[in-house]
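Accompanying notes for the structure given below.
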């Protein structure tokens, strides 16, 4: 069982494998290679008599708990594209700010499966979903696309000893006002809509580049229905936007004494979202009322982005930049 792991590293050149230095103790993965075999549908016989290797594809999700240093920063960099980092000055604590960019990097992934290591290169993060539910750990799913996979040799991974983020460490803000006391759950999704088929061309069976599609940022959250929830319902009915922020602050110290660097942290800021549908109470008997607010983020001119993610940890900027 010790030889089960998910290693990852940022590639300098697309589809050029880099030996991982960061390891994730994943919950599960369903990343599937496909030879894309082409079978000619000819007229001579009922049986297929020939087979030709076609476009090789690797795709699928990996599910994991969100921790400050278990690869979440590499996933965010590959998902969003842009990052800037600031050091605390007194220790090796860093604040990394990830924002969407039009050019996306790629990853190398090594999956340890007891007997063999699956080495996957040219890995693209097509989408991610973050799930925060009361009484539970913060979870993430990354949906990956890749260029190639080869058989590798198992390594000895080193895992972060930091604890996963958990629901009671989370702060949920609407318009910079803490509404954590009424939130039941939240889900945040970002999709790059990578046109995978367009990454192929003559001369190779394998994807040759990272293409980008229309970026989509959406999600939903559930609020206990009170006056704060009613305010958001009124915004929905009026068709006016709102501002959201999800912050998770660990109870573990980074070693810095500087405010904003002293605790491990993950924050998502969405300066302008629109509620899409529902967002109204549905009374049933005398049960407590919980209202679901599906939303979609749009680019905010004042902020200069549609979404921003801040990660505070002790990983140096060179890991992500």
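Overview of values
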{"quantity": "Test: residue in region 87-110 that is free of Cβ contacts under 8 Å to residues at least 60 places away in the same chain, out of contact with any helix residue (DSSP H, G or I) (no Cβ under 8 Å at 6 or more places or on another chain) and more than 21 Å from residue 161 (Cβ to Cβ)", "calculated": "no"}
{"quantity": "Search result, residues across region 186-210 that are farther than 20 Å from residue 61 by Cβ and within 22 Å of the chain's Cα centre (by Cα)", "calculated": "209"}
{"quantity": "Identity of the residue in region 124-165, free of Cβ contacts under 8 Å to residues at least 60 places away in the same chain and closer than 30 Å to residue 252 by Cβ, that ends up surrounded by the most Cβ atoms within 10 Å (Cβ to Cβ)", "calculated": "131"}
{"quantity": "Filter result (in a loop (DSSP other than H, G, I, E, B) and either closer than 30 Å to residue 137 by Cα or touching a helix residue (DSSP H, G or I) at 6+ places or on another chain (Cβ under 7 Å) (or both)) within region 27-74", "calculated": "27, 30, 31, 66, 67, 68, 69, 70, 71"}
{"quantity": "Qualifying residue in region 91-100 (condition: in a loop (DSSP other than H, G, I, E, B), modelled with pLDDT under 95 and surrounded by fewer than 21 Cβ atoms within 10 Å (Cβ to Cβ))", "calculated": "yes"}
{"quantity": "Odd one out for residue 26 among (1) touching a residue at least 60 places away in the same chain (Cβ under 8 Å); (2) touching a strand residue (DSSP E or B) at 6+ places or on another chain (Cβ under 9 Å)", "calculated": "(1)"}
{"quantity": "Extreme residue, nearest to residue 7 (Cα to Cα), among residues of region 117-158 that are modelled with pLDDT under 95 and in a loop (DSSP other than H, G, I, E, B)", "calculated": "157"}
{"quantity": "Residue within region 58-78 that is free of Cβ contacts under 8 Å to residues at least 60 places away in the same chain and either touching a strand residue (DSSP E or B) at 6+ places or on another chain (Cβ under 6 Å) or within 27 Å of residue 167 (Cα to Cα) (or both) present", "calculated": "no"}
{"quantity": "Leading residue by the ranking (farthest from the chain's Cα centre (by Cα)) among those in region 19-41 that are closer than 17 Å to residue 206 by Cβ and surrounded by fewer than 19 Cβ atoms within 10 Å (Cβ to Cβ)", "calculated": "38"}
{"quantity": "Positions within region 43-56 being surrounded by 10 or more Cβ atoms within 10 Å (Cβ to Cβ) and either over 41 Å from the mean Cα position of the chain (by Cα) or more than 24 Å from residue 200 (Cβ to Cβ) (or both), in sequence order", "calculated": "48"}
{"quantity": "The lone exception for residue 207 - which of (1) touching a helix residue (DSSP H, G or I) at 6+ places or on another chain (Cβ under 6 Å); (2) closer than 30 Å to residue 228 by Cα; (3) surrounded by 15 or more Cβ atoms within 10 Å (Cβ to Cβ); (4) modelled with pLDDT under 95 it fails", "calculated": "(2)"}
{"quantity": "Members of region 1-11 found to be at pLDDT below 95, in a loop (DSSP other than H, G, I, E, B) and surrounded by 10 or more Cβ atoms within 10 Å (Cβ to Cβ), listed by number", "calculated": "3"}
{"quantity": "Failed item in (1) over 23 Å from residue 290 (Cβ atoms); (2) crowded, with 16+ Cβ neighbours inside 10 Å, with residue 201 passing the rest", "calculated": "(2)"}
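The values are calculated or read from the model by the stated rules, or taken from the named source; none is laboratory data. Quick caveat, the model's predicted, so the values are computed rather than measured. When we count neighbours, we look across all protein chains shown, and the Cβ atoms used for this are built from the backbone with ideal geometry, even at glycine.
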